[in-house]
1. Using a 1.4 Å probe on the protein heavy atoms, what percent of the accessible area of chain B belongs to carbon and sulfur?
2. Just need the relative contact order of the range A:43-134 here, percent rounded to a whole number, with Cα pairs under 8 Å and 6+ apart.
3. Given springs between every Cα pair under 10 Å in a Gaussian network model of chain A, which of A:Glu266, A:Glu318, A:Glu379 has the largest fluctuation?
4. With angles folded into 0 to 90 degrees, how steeply does helix A:223-235 sit against the dominant principal axis of chain A? Use alpha carbons for both and round to 10.
5. Which of A:Gln143, A:Gln327, A:Gln106 moves the most in a Gaussian network model of chain A with Cα springs under 10 Å?
6. Relative to the first principal axis of the alpha-carbon coordinates of chain A, what is the inclination of helix A:369-384, with its axis defined by its Cα atoms, in degrees from 0 to 90 and to the nearest 10?
7. What percent does the relative contact order of chain A come to when contacts are Cα pairs within less than 8 Å and at least six residues apart?
8. Taking the Cα centre of chain A as origin, sum charge times position over the Cβ atoms of Lys and Arg (+1) and Asp and Glu (-1), and report the length of that vector in debye to the nearest 20.
Amino acid sequence: MNPEISSTQPATHVSHAPATILLVDDEPVSRLSMAARLKRMGLRVLEAGNGKEGLEILRRERPDLTILDWVMPEMDGPTVCELVRRDPAILSSQLILMTSHDQPEQIAEGLARGADDFLSKAASKQEILARVQSGLRTASLLQSIESARDQLRAKQEQMEDELLSAAGYMHSLLPRAGEVAPGIHMSWTYRPSLALGGDLFNCSRWDDRSIMFYILDASGHGVSPALRAASFATFLRAENLRHFVTANDPAAILAEANRHYPLTEEGYYFTVWIGSFDRTTHQLRYATAGHGGAVIQRRNGTIEWLTHAHLPLGFEPESTYELKTTQIEDGDRVILMSDGVYEAPAATGEVWGTERLAATLGALRSTALSDVLPAMMAEAERWHGASIFPDDAALLGLEFRI
Amino acid sequence: MSTEAIFNLAEALGRVDEDEDLLYTLAELFVEQAPLDMAAARAALEAGDAAALARAAHRMKGALLQFSAPRVLAGISQLEALGKAGTLDQATTVCAHVDQELQTLITALREYAAKRPAV
């Protein structure tokens, strides 16, 4: 065996199996000569006598490299090149056009029609060796890239499946819309910016006398905020809170939560608004930690924001929270929202804003609560100009018929 | 005419990495195939089909490159060019000349192939 060939051949292919070359030439003398040369290079050689047959073998065997004669009956070499480049399953095949044509314009035509390289039938054995090795090197690199791409796709699909599964769990933490307690109807709508959102809300009975409802927003986007939000939502379950607080007192609950959820090392935190409604006195008591999205719409249409300035959770371990109260009348509605709703930006960067939100809410006063929240979301979407907002957008509404 | 004058054995062997057994096989294959291609070229010429003449000549050219036979190769290249250009009036003379040269080469290759040792 020629030592030059045997010493360079292994470098042309990553795997230990010999590389496969498909040789397509209708002229038997030159095909036999070239096949013998390629076999001496240690390559596995497949042969075809015309372009049509060659294309069939190429599709079936996926050779590492294909050498095509230009002029052939049935289908010529450039046509095979064109068909290969149009077929997604084989378009990355390495193709060398071979002919006794050697004019530059013909070489250009061959390359333009999809060939990777060009080989003259009068080429020396050294040139044939060099071009075949170059083609195999490229084929090997392409195979590595395709293999890495396939692995990445498989990983991506696996991660997307896991995200969907996690999103399903997050969804299970959200309340069921309907009557929370006699005369208190609840509705919500939620549009996470990614598969997993960092906003959560809930509304549940604390005891026979009172209900508790809240909205929380974990800073950041993606898996980590969603996990922190899920943890916080679990903490805010009434059966858990009773270990820490003696009464349905939003300010006391926030003080306890503040101790449990300090600022993370990466600087992430929660904003949260918690309300407690007493069904006997009709008093709403509420407290907030940096969450500005809470509003009461009176039966007569008057809108009052149920917020006041305060740091988010976790900034100061001994923070205390101001407990505010307001009286609820028959027909009043309380709407909780994340800032992703009223901070939805237009193309100009201008946010939708609380004033436009309040005006929209005012216009919808006579609309059923279950239709109000989707209509508000649609208005924010119209302002933003796209269905996905840059931040999670959640709306929770309660209507009191008391 | 000697073998060396119509084709260069040393060069032809060099092209097949001194694999004499392969060169015998190529010669035997050419001796079978070339008369068919030449007949196709003559038929194309008689039919006035310039494109078919160019195709037949082109096919023979590929085979001839294996034997380092410069005179036949030059003639066949000229025939291909005339076919491509569609100037068939000159092609008749060239075709007759190529045919004659080809017969000489075929005879030489047949003699060469006859030297193949029996297995």
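1. The nonpolar share, carbon plus sulfur, comes to 56 percent.
2. 24 percent
3. Sorting by GNM fluctuation, first place goes to A:Glu266.
4. 30 degrees
5. Between A:Gln143, A:Gln327, A:Gln106, it is A:Gln106 that shows the largest mean-square fluctuation.
6. Roughly 50 degrees, rounded to the nearest 10.
7. Relative contact order of chain A: 12 percent.
8. Dipole size: approximately 560 debye.
The values are calculated or read from the model by the stated rules, or taken from the named source; none is laboratory data. All figures in this text were calculated on a predicted structure; none of them were measured in a lab. Here Cβ is always computed from backbone atoms with ideal geometry, including for glycine, and neighbour counts include all displayed protein chains. With ligands, DNA and RNA removed, areas are computed over all heavy atoms of the protein, side chains included. Shrake-Rupley method; radii C 1.70, N 1.55, O 1.52, S 1.80 Å.
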